[in-house]
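The values are calculated or read from the model by the stated rules, or taken from the named source; none is laboratory data. Remember, predicted model here, so these are calculated numbers, not experimental data. Every residue, glycine as well, gets a Cβ built from its backbone with ideal geometry; the counts of neighbours run over all protein chains shown. SASA here: full protein model, heavy atoms, side chains in, ligands and nucleic acids out. Shrake-Rupley method; radii C 1.70, N 1.55, O 1.52, S 1.80 Å.
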Amino acid sequence: MNYKKLADLLFPDVNSDISYYENLYPERPNKFVTRFAPSPTGFLHIGSLYTAYISNIMAKQNDGVMILRIEDTDSKREVIDASNLIIKDLNDFNININEGINSGNYGPYIQSKRVNIYHTYVKYLIEKGLAYPCFLTEEEISDIRKRQEINKERIGIYGEYACYRDLSFEEVKQKLESNANYVIRLKSPGNFNERFTFEDLIKGKIEFPSNDLDIVLLKSDMIPTYHLAHVIDDHLMRVTHVIRGEEWLSSLPIHYQLFRIFNFKMPKYAHISPLTKKEGDTVRKLSKRKDKECLVSYYEKLGIPDEVIKIYFNTLINADYESWYNSKSDNEFKFTFKKMPVGGSLFDSDKLINISKTYFSRLTAKELLDKTLEYYKKYDIDFYNVLSTDYNYSINILNIERNIKKPRKDISSYSDIKSCFWYFFDEYFYKLNRWNEYENVDNNLLEKYMEYYNYKDDKDTWYTRLKEFASENGYSPSVKEYNDSPDNYKGHIGDVCESIRIALTSLKETPDIYEIMQVMGYDKVIKRINKFVNRK
Ligand code: GLU
């Protein structure tokens with residue numbers, strides 16, 4: 001067979017001189033080059049973000065290059081819009097892209113714009129007798145599959161099933177003249193009974209059988225499959241580290257073989273274990289159909305900051321990150337592939353929430369308020385208006401139990417700010433308060449307290465005087481005394497505090513009531529107690 005003639009017949013207008021591209025995209029000696037290669041699906045899956053994030057960490061740590069490559073060979077979507085969405089999400093997470101779409105010398109970075117390149121390399125393979133047109137119809141392929149299933153054989157086109165491997169030039173020509181549909185397949189030189197060893201940066205040494213499948217390189221529309229595009233793109237972009245999802249590990253023998261037959265240097269691979277979710281007794285991959293928490297936008301709406309997701313990712317990527325984070329060390333944390341998990345990583349919402357609480361507790365009130373305002377400006381303009389009316393008042397609210405050794409940890413998202421602090425604002429308080437839930441509060445006591453209360457008291461004085469006030473009004477100043485002889489008292493100091501708390505907030509549980517009163521100020525405290533006492 002004259003393979004050159006066959007190649008010209010199939011690709012008359014394509015040059016098969018691959019040295020053109022080899023020279024156009026020179027090697028980048030001693031550079032760490034990695035990439036994120038999403039398909040433009042219109043939203044970002046948390047698992048893809050996780051992969052992009054890891055790639056970016058490793059690129060930054062190694063002073064390397066991070067490429068964004070859009071893999072749109074399957075996509076019927078508007079690629080530019082979908083790509084812009086991805087870029088926005090990556091920006092939000094500080095994932096720096098050094099090359100992609102609009103910049104870089106190794107492009108184009110959108111696969112649909114690289115079709116000439118793929119054709120050049122495929123023509124080159126055909127000339128070498130390593131690829132061929134295959135005219136199997138879909139029905140024939142499905143029949144082969146059924147036969148293989150019945151005979152318990154491996155599925156795929158190989159050996160006797162690869163029946164178009166050795167067609168003569170004339171036979172191919174005839175087929176083309178009759179307008180038969182075809183794809184271009186690899187003429188795999190592999191033997192399934194031979195094995196090779198491969199070293200994954202995360203999973204270590206793995207043994208695989210060699211590939212003997214004649215996999216499709218170009219589909220019938222002459223658009224490449226993932227396998228071909230991955231190998232050519234990562235080679236020509238001079239990628240040194242392919243960091244990708246574990247689901248690609250099983251195709252590695254195909255990629256290994258393609259790198260060999262093209263005589264390309266193989267990059268290093270790091271296959272990332274998937275994020276998983278526990279459901280009853282089973283653990284499964286996070287799924288975009290079943291899990292709302294699988295979309296990056298879900299966290300944004302909920303008000304979980306990107307920083308928190310990053311911290312959580314870090315704890316998943318290298319387990320010892322967490323103790324580093326908790327120790328508040330100034331040294332930079334160094335991530336390594338070796339410490340990345342080999343099995344799946346449980347994406348645990350409770351843990352994420354805990355990390356978020358710690359994160360929020362470490363912000364200054366000003367940092368927190370500024371970020372909170374940004375959130376409400378987008379998601380709840382009414383609360384934004386209320387929160388921004390008196391900036392200092394809002395700062396004081398957020399400062400309650402913040403600048404202390406063990407700061408309060410009750411906020412896990414921006415949306416919690418409203419659910420935790422709404423009662424400070426009259427606009428919400430008089431609409432939403434739950435005073436009517438409390439029948440038995442001692443109105444008399446509260447009425448007297450309005451006269452007794454001195455805003456200027458410091459905390460200790462306030463509490464000492466509160467105990468005196470309790471005693472004067474038939475309440476025990478200590479819980480213990482009350483418990484010893486409950487018949488002697490109307491209640492104890494805790495009940496006094498609770499009455500004040502209910503009048504001021506309509507809640508039974510709040511942060512420190514003294515601090516709440518200090519923040520509200522004398523007038524608001526008196527007005528609320530007064531209204532409470534006189535409620536219908
Ligand atoms: N487009 C592929 C995906 O989204 C990329 C895999 C890779 O990183 O090579 O899964």
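Over the C-alpha atoms of segment 378-456, the Rg to Rh ratio, Rh being the Kirkwood estimate, stands at 1.03.
Taking the radius of gyration and the Kirkwood hydrodynamic radius from Cα positions alone, what is the Rg/Rh ratio for segment 1-127, to two decimal places? Intermediate values should be presented prior to the final figure.
Working: Rg = 17.3 Å, Rh = 16.3 Å.
Looking at segment 1-127, the ratio lands at 1.06.
I'd like the orientation of helix 138-150 relative to the chain: the angle between its Cα long axis and the longest Cα principal axis, in ° from 0 to 90, rounded to 10. Approximately 80 degrees, to the nearest 10. Put simply, the chain fits an ellipsoid with semi-axes of 68, 22, 21 Å; these come from the alpha carbon gyration tensor as the roots of five times its eigenvalues, largest first. For L258, the solvent-accessible surface computed with a 1.4 Å probe is close to 0 Å², ligands and nucleic acids excluded. Mind pulling the angle between the C-alpha long axis of helix 226-236 and the longest principal axis of the chain? Nearest 10 degrees, somewhere in 0 to 90. With rounding to tens, the tilt is 90 degrees. What FRET efficiency comes out for the pair N385/K527, r = Cβ-Cβ distance, R0 = 22 Å, nearest 0.05? The value I calculate is 0.55. Here the alpha carbons of segment 480-536 define both size measures, Rg and Dmax, at 13.3, 38 Å.
Surface calculation, 1.4 Å probe, protein heavy atoms: S142 sits at approximately 50 Å² accessible.
In µm²/s, what is D for segment 230-383 at 10 °C and 1.306 mPa s, where D = kT/(6 pi eta Rh) by Stokes-Einstein and Rh is the Kirkwood radius from Cα pairs? Working shown, then result.
Numbers: Rh = 18.7 Å.
So the translational diffusion coefficient is about 85 µm²/s.
Rg and Dmax, both from the Cα atoms of segment 1-44 and both in Å, are 17.8, 48. At an R0 of 22 angstrom, the distance between the Cβ atoms of N105 and I80 translates into a FRET efficiency of 0.55. An oblate overall shape is assigned to segment 127-182, the ratio a/c of its alpha-carbon gyration tensor axes (a ≥ b ≥ c) being 1.5 or greater and a/b not exceeding b/c.
Report the full-extension gain for the segment E515 to E427: residue separation times 0.36 nm, less the Cα-Cα distance, to one decimal in nm. Provide the component values of the computation, followed by the final result.
Numbers: separation 88, 0.36 × 88 = 31.68 nm, distance 2.07 nm.
Here the answer is 29.6 nm.
Rounding to the nearest 10 and keeping the result within 0 to 90°, find how far the Cα-based axis of helix 443-452 lies from the longest principal axis of the chain. Rounded to the nearest ten degrees, it is 80.
Quotient of the Cα radius of gyration of segment 43-111 and 2.2 N^0.38 Å, N being its number of residues: 1.09. Taking 0.36 nm per residue of separation and subtracting the current Cα-Cα distance, fully stretching the chain between K377 and N15 would add 124.7 nm.
Computed from the Cβ-Cβ distance with R0 of 25 Å, the FRET efficiency linking E293 to S251 stands at 0.30. For segment 158-295, the solvent-accessible area of protein heavy atoms averages 48 Å² per residue (probe radius 1.4 Å; ligands and nucleic acids excluded).
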